[in-house]
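A.B. asks: First the structure, which I've put down as structure tokens, then a few questions once you've had a look.
The values are calculated or read from the model by the stated rules, or taken from the named source; none is laboratory data. Just so we're clear, the structure is a prediction, and the values are computed from it rather than from any experiment. Don't worry about glycine lacking a Cβ; one is built from the backbone with ideal geometry, like all the others, and counts go over all protein chains shown.
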Amino acid sequence: MPDRLRSHEGQEGVSRRGEVPDPSRYHVTLFSAGRPIQHGWWPLESTARGKFRDWVGSGVADARVTLVDEATGETLDEWPEEG
């Protein structure tokens with residue numbers, strides 16, 4: 001079967017109807033001194049959370065990392081936590 005016709009059903013994050021998730025749904029941003037210095041967008045929350053953890057330990061001075069669900073606008077995680 002040609003790639004463009006292959007079903008994605010059963011893969012992580014793919015619906016039972018075979019729909020592929022939005023590739024830019026989960027947005028991770030790394031800030032330093034209040035300025036964004038790196039961005040990434042992923043279709044799966046699990047992938048974005050893995051990158052979030054990587055960036056938290058990046059060693060960037062005065063770092064702040066956010067994970068946002070672009071579909072809802074909700075901030076799912078941030079580091080350091082706002083208090």
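A.B. asks: Determine the pairs where a residue that is under 16 Å from TRP55 (Cβ atoms), located within region 23-36, has a partner that is among the basic types (Lys, Arg) and at pLDDT 95 or above with Cβ atoms under 7 Å apart, the partner being 6 or more residues away or on another chain.
C.D. replies: VAL28/LYS51; PHE31/ARG64
A.B. asks: Name the residue that is surrounded by the fewest Cβ atoms within 10 Å (Cβ to Cβ), counting only residues in region 49-83 that are touching a residue at least 24 places away in the same chain (Cβ under 8 Å) and among the aliphatic types (A, V, I, L, M).
C.D. replies: Within region 49-83, the match that is surrounded by the fewest Cβ atoms within 10 Å (Cβ to Cβ) is ALA61.
A.B. asks: Which of the following residues is modelled with pLDDT of 95 or more and on the phi > 0 side of the Ramachandran plot: GLY13, GLY73, GLY40, GLY59?
C.D. replies: Criteria check complete, one pass: GLY73.
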